[in-house]
1. Give me the residue from the range 1-17 that is free of Cβ contacts under 8 Å to residues at least 12 places away in the same chain and part of a helix (DSSP H, G or I) and, out of that set, surrounded by the fewest Cβ atoms within 10 Å (Cβ to Cβ).
2. Here are 110, 166, 156: which of them is part of a helix (DSSP H, G or I) and over 30 Å from residue 186 (Cβ atoms)?
3. So, residue 33, is that one surrounded by 15 or more Cβ atoms within 10 Å (Cβ to Cβ), out of contact with any strand residue (DSSP E or B) (no Cβ under 7 Å at 6 or more places or on another chain) and under 17 Å from residue 156 (Cα atoms) or not?
């Protein structure tokens, strides 16, 4: 048996390409959940009433302090015990989104804390509502500086998607393991998965830099 079989490699590429789409879907949906929920967590923790801020802080620290894999198992295997049955892909995406929302919330919190207090006072002087103050004054100033950190979490979330194979989601890693077990060849599928992850991570990092540059130009010309 040769170390590398190119014929076998080209045969499995379509299967891995299809699985890559599942991985991308989980990444993008999970990150959207993380970005939106993380902002809500940050605002609730910083500006919400005590009865909301304290439990939120506890929840964030609890999720950040426990492994993502356990959270995936909990949502998929334990939730049904309480009558909430979730399909594997949905459970995995929710776990990814919730886990990284706690990290994104800390990034947002740093951005919000850096907005000068005078901006808040000016908004109050202009009789702006809380909603309009956040939407038109605070968020546009808080988000641009934290874009690089959010981009880093996007790449990190993408690299954590192989954990979804633990609940049989047919993403890249699970597909590669199935191919290996069916053909007794693991070198090609596992290597290809590593190359695909490397390429996607490099592309994502480049896109984040482009977004960062675009946001910076918008801020300068605002």
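The values are calculated or read from the model by the stated rules, or taken from the named source; none is laboratory data. Model, not experiment: these values are computed from the prediction. Note: ideal-geometry Cβ built from the backbone for every residue, glycine included; neighbour counts use all protein chains shown.
1. Within the range 1-17, the match that is surrounded by the fewest Cβ atoms within 10 Å (Cβ to Cβ) is 7.
2. Details: 166 fails: over 30 Å from residue 186 (Cβ atoms); 156 fails: over 30 Å from residue 186 (Cβ atoms).
None of the others qualify; the one that does is 110.
3. Working: surrounded by 15 or more Cβ atoms within 10 Å (Cβ to Cβ): yes; out of contact with any strand residue (DSSP E or B) (no Cβ under 7 Å at 6 or more places or on another chain): yes; under 17 Å from residue 156 (Cα atoms): yes.
Spelling it out, residue 33 is indeed surrounded by 15 or more Cβ atoms within 10 Å (Cβ to Cβ), out of contact with any strand residue (DSSP E or B) (no Cβ under 7 Å at 6 or more places or on another chain) and under 17 Å from residue 156 (Cα atoms).
This table checks each residue for (1) within 16 Å of the chain's Cα centre (by Cα); (2) assigned to a helix (DSSP H, G or I).
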site: 94; (1), (2): yes, yes
site: 115; (1), (2): no, no
site: 124; (1), (2): no, yes
site: 135; (1), (2): no, yes
site: 175; (1), (2): no, yes
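Each row is one residue, and each column tells you yes or no for (1) closer than 19 Å to residue 46 by Cα; (2) touching a helix residue (DSSP H, G or I) at 6+ places or on another chain (Cβ under 6 Å); (3) at pLDDT 95 or above.
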residue: 65; (1), (2), (3): no, no, no
residue: 88; (1), (2), (3): no, yes, no
residue: 108; (1), (2), (3): yes, yes, no
residue: 117; (1), (2), (3): yes, no, no
